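This report concerns only the one structure given below.
The values are calculated or read from the model by the stated rules, or taken from the named source; none is laboratory data. Model, not experiment: these values are computed from the prediction. In this analysis, Cβ positions are derived from the backbone assuming ideal geometry, glycine residues included, and neighbour counts consider all displayed protein chains. Side chains are part of the model used for accessible areas, which takes the heavy atoms of the whole protein and leaves out ligands, DNA and RNA. Shrake-Rupley method; radii C 1.70, N 1.55, O 1.52, S 1.80 Å.
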Amino acid sequence: MRAVGENSTSALSQSSPPGGTSNENNTSQKSAKFGSRQEEKGGRKKEVNEEAMKALRSWVKESLVDSKERNERGGYYELLDAFSSINENNENTGEEAVAKKIDESVVALVDALAEHATYVEYRAHEHLLERVTLEKCSTVSLRTCDDAYYASASQFLINLATVKGGSCVQFAMKTFVKAFFGDEKEAKKEEMLLLESRGGNDRHYRMSRFNNNNSVSGANEAAKHRERENVENRRRERAVHSVVQILKLVPLSAKVFSHVLFDMFPHKTCSAMVLAAYLDCAFRCAESAECRDTELADDFLCLCVSKALEIDVEIKWEDLQQGFDDDETSEEEEDEEEDSEMFGEENGDDRDTDSRENDEEDIFELDEFNAAIDDANINNGKASWENNNRNRSKKKQNHNHGRNSNDNNINNMETDEAAHALDEMMFLVLEYLQKRIESANQIIGAAATGDENYRNAKKSIERLREALVSRAFFTTLLPAPKSKFAQYIVFYLCSMDFNDGDQQNSADANKSSCELLRDGLVDKMLNSNEANSLRLAAAAYLASFVARAKFLSAEFVVETLETVCGWLMRKVHENNVKAMSEVELNAFDSCCQAVMYILCYRCDEIANNDEKSKKRLQALPLREILYAPTLEPLQSCLPSVVHEFLKNASAANILGFTEDMI
């Protein structure tokens, strides 16, 4: 039998005019004849395909019904065998394949199953579901298959979830969430290659989402890398679309999706690329109309804070400091050589070297004080900031000096991997927060007060405050003694939400994130019924936040100081009647240190801000508190903090402080 192409060619040659020449009329006639024959053959082919699909659908239906109602499994086993061709056709597919194509006959079979999803039972046809979702396939997965098969399988799972509900919804959601993930093996390999291309230990060129393309050596490799990123993006988009379809069609499926997201969150040791793929897809789903006004996104943010903390505690200050010291040493040596050549002999330096070194050491301790909460000693109830840690950096150097160089390299590599994963996670979380807050603020600014969109936008901000400040921070981060970076998710929300505090005079206004965080920390710090470790941690966080957050107004800072100093003054009076316990005395000293630390950074700003704030600052009873004869809190605080505070207090003319006290 002749092929269609051969028949078309023969028909075309027979209609040619004698002599081999043709005019426009002859050409149009030939085209018309050729087109009509092609349409006729295409119509016959379409009829054949429709008849074949009709027979296939009938056979699929009978096989499913027989296996379920009549316990005749022959047709069902033939259904399972039909999927065996997938492994055979993909055995020789290379690793660089963009998408692994599956035979059209299998795609047609899945289309038929999608039309008869109502006859599929989760328990009775468990093996069939595994075949359709390629769960047991060794050569291809639902994430890496071609678009044609994915579309058919996705429609089957969506129909199954819609008509069956229950466990089928959970099964479909789990299948699609698995398609969020990047391939762990491939991601690890590519990540290591990129790290090695930059020397491995160079922290300035650690692999990140910002320098992936620049890190790949060679134009061909860069092109391949961009192609892989585009393919990965398409895979994520189709997986997110499938989830959103179920959320649209199945009532209460958002709760099921929330549980699946929680259960399938990647482990803390997974590749940064896998973690980024998962979070990217999860946040895309959270931004959809079906999830935007639900608690799913808020609960997922709390989960992200918890998972970020798990990675955070694996990163040790010693390993980070060692890497930074190595980088700074090489840079300082180069700078010293340049300085000695350019300025050393010409200008000379008459400043006192020892005095300058002491000043730099004090400044370093103030910086270190911001992150000293990770060293809180829970056993004796005292945080490290209550002791003089002037020699802390020297102890680290002595400790690291005795390490084996191979161990250092291993630790640095592990720290780099953990830090990179945390970087990716923090970036995506903060990006989502920024989008959500800016979108809500835009609606609030444009919509009328009583408008539904206005109310929804206000509720979105309030849910964020409740989720990240009231829940994530106070239940997850505050009790964790070794958190170093995860808390900045909450601080970022405060920086974006602080302007809302200007609207506190309006009738429907609630506390901003900054006020919620500040008031909660003050309550924890001053509450004698709280655990001592939590009170000390609250004092450390309050000092760090109020001192370092530049977006906080002078009025906000003074209000905080007045509240804490009021409690401290009451404790001074009570102590004259009855001596404080050791636990309460520790909390008293920590609060004094917090006040002094805040003023080390904000005293000049408040004094130069406006006359009202300046008078409130000068009226604080700091002299009576800090020089209480029976308490002497200055003896328990860091000397560097005390020294810096006294300089600022005397310069601002705070009542009772003079230069002679420095």
- Message: Against the condition touching a residue at least 12 places away in the same chain (Cβ under 8 Å), of a type in the set (Val, Ile, Thr), crowded, with 23+ Cβ neighbours inside 10 Å and not in a loop (DSSP other than H, G, I, E, B), how does Val583 come out, does it pass?
- Response: no
- Query: Identify, please: which residue in the stretch 100-126 is touching a Leu at 6+ places or on another chain (Cβ under 8 Å) and under 18 Å from Gln170 (Cβ atoms) and is, among those, most open to solvent (accessible area, probe 1.4 Å)?
  - Reply: Tyr122
- Restricting the stretch 284-295 to residues that are under 18 Å from Gln245 (Cα atoms) and open to solvent by 10 Å² or more (accessible area, probe 1.4 Å), the one modelled with the highest pLDDT turns out to be Arg284
- Is it true that some residue in the stretch 594-612 is of a type outside the set (D, E, K, R) and more than 40 Å from the chain's Cα centre (by Cα)? no
- Note on the structure: A careful count of residues in the stretch 231-254 that are within 21 Å of the chain's Cα centre (by Cα) and more than 16 Å from Thr175 (Cα to Cα) gives 3
- Message: Any residue that is within 22 Å of Ala554 (Cα to Cα) and of a type in the set (Lys, Arg) - is there at least one of those in the stretch 578-589?
- Response: no
- Can we say Pro629 is over 24 Å from Lys550 (Cβ atoms) and without any contact (Cβ under 8 Å) to a residue 40 or more places away in the chain? yes
- Among the residues of the stretch 424-471, the number that are hydroxyl-bearing (Ser, Thr, Tyr) and free of Cβ contacts under 8 Å to residues at least 60 places away in the same chain is 4
- Item | Candidate set: the stretch 507-549, residues that are closer than 30 Å to Gly450 by Cβ and among the small types (Gly, Ala, Ser); chosen: the one most open to solvent (accessible area, probe 1.4 Å) | Ala507
- Residues located in the stretch 47-88, provided they are of a type in the set (Val, Ile, Thr) and either under 16 Å from His116 (Cβ atoms) or in contact with a Ser or Thr (Cβ under 8 Å, 6 or more places away or on another chain) (or both): Val60, Val65, Ile86
- Message: What's the total number of residues in the stretch 242-254 that are free of Cβ contacts under 8 Å to residues at least 12 places away in the same chain and of a type outside the set (A, V, I, L, M)?
- Response: 1
- Message: List the helices (runs of 4 or more DSSP H) inside the stretch 102-174, counting only whole elements, that have at least 2 residues being free of Cβ contacts under 8 Å to residues at least 12 places away in the same chain.
- Response: 126-132
- Item | Those residues of the stretch 68-101 which are under 17 Å from Ser152 (Cα atoms), modelled with pLDDT under 80 and not in a helix (DSSP H, G or I), in sequence order | Ala99, Lys100
- Item | Selected residue [at negative phi, touching an Asp or Glu at 6+ places or on another chain (Cβ under 9 Å), crowded, with 21+ Cβ neighbours inside 10 Å and at pLDDT 90 or above] from Cys592, Cys600 | Cys600
- Task: Report, by residue number, each residue of the stretch 224-244 that is of a type outside the set (D, E, K, R), open to solvent by 50 Å² or more (accessible area, probe 1.4 Å) and either modelled with pLDDT under 85 or farther than 19 Å from Ser271 by Cβ (or both).
- Result: Asn230, His241
